[in-house]
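K.L.:
Pasting a structure below so you can have a look.
Values in this text are rule-based calculations from the coordinates and carry no lab data. Model, not experiment: these values are computed from the prediction. Positions of Cβ are backbone-derived with ideal geometry, glycine not excepted, and every protein chain shown enters the neighbour counts.
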């Protein structure tokens with residue numbers, strides 16, 4: 001420093017030099033970061049592939065959730081139907097014998113009753129008709145058995161007997177009527193079946209009979 005130079009001017013010049021150097025360093029850093037960005041641009045293809053993979057995974061989860069919900073609804077409906085069927089089956093176990101007794105009473109009634117028995121028989125027939133009408137309102141119907149081929153899905157054989165009027169394996173007598181609720185068996189019919197020595201004509205198979213419908217339903221449930 002010369003003798004004529006002011007010390008304060010010297011310090012100010014040093015500060016200016018230091019500020020300029022700092023500014024140059026900052027400019028260099030900015031240029032360096034820009035060059036790095038230019039050298040490593042973002043890979044849009046990889047980003048697109050990752051987004052598509054994530055969308056596919058979310059769609060798969062959504063489809064699985066929809067399928068699980070649908071299966072859950074079906075399972076709940078099936079469980080409810082089974083619970084209702086079991087409750088109905090248990091309740092009717094106390095009422096169906098009433099219909100059985102009405103059937104037995106009318107079966108022994110004379111075909112040509114006198115004036116005293118005629119009103120009584122007519123009354124029994126009206127009660128019987130009302131009983132079956134009440135069952136029909138709840139989709140409960142009796143199984144047609146007599147003259148039909150024995151079906152273990154809806155029939156309970158009590159015994160066999162040879163018959164000249166029926167072919168072997170045909171139901172010849174119904175001891176206790178069976179019932180269906182829709183296509184589900186509530187109670188099998190207790191029947192007597194024509195034995196192997198029977199000589200009657202074979203019965204025609206009726207695929208649309210109530211017994212046939214129940215057979216298919218019970219078989220599918222077993223599977």
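K.L.:
Go through the range 145-180 and count every residue that is in a strand (DSSP E or B) and touching a helix residue (DSSP H, G or I) at 6+ places or on another chain (Cβ under 7 Å).
P.N.:
3
K.L.:
Quick check on my filter: what residues within the range 152-178 are surrounded by fewer than 22 Cβ atoms within 10 Å (Cβ to Cβ) and in contact (Cβ under 8 Å) with a residue 60 or more places away in the chain?
P.N.:
153, 176, 177
K.L.:
Yes or no: the range 91-110 includes at least one residue that is exposed (fewer than 11 other Cβ atoms within 10 Å of the Cβ) and outside any helix (DSSP H, G or I).
P.N.:
Yes, some residue in the range 91-110 is exposed (fewer than 11 other Cβ atoms within 10 Å of the Cβ) and outside any helix (DSSP H, G or I).
K.L.:
Something else now. Identify, please: which residue in the range 111-141 is touching a residue at least 12 places away in the same chain (Cβ under 8 Å) and in a helix (DSSP H, G or I) and is, among those, farthest from residue 188 (Cα to Cα)?
P.N.:
Among residues in the range 111-141 that are touching a residue at least 12 places away in the same chain (Cβ under 8 Å) and in a helix (DSSP H, G or I), the one farthest from residue 188 (Cα to Cα) is 121.
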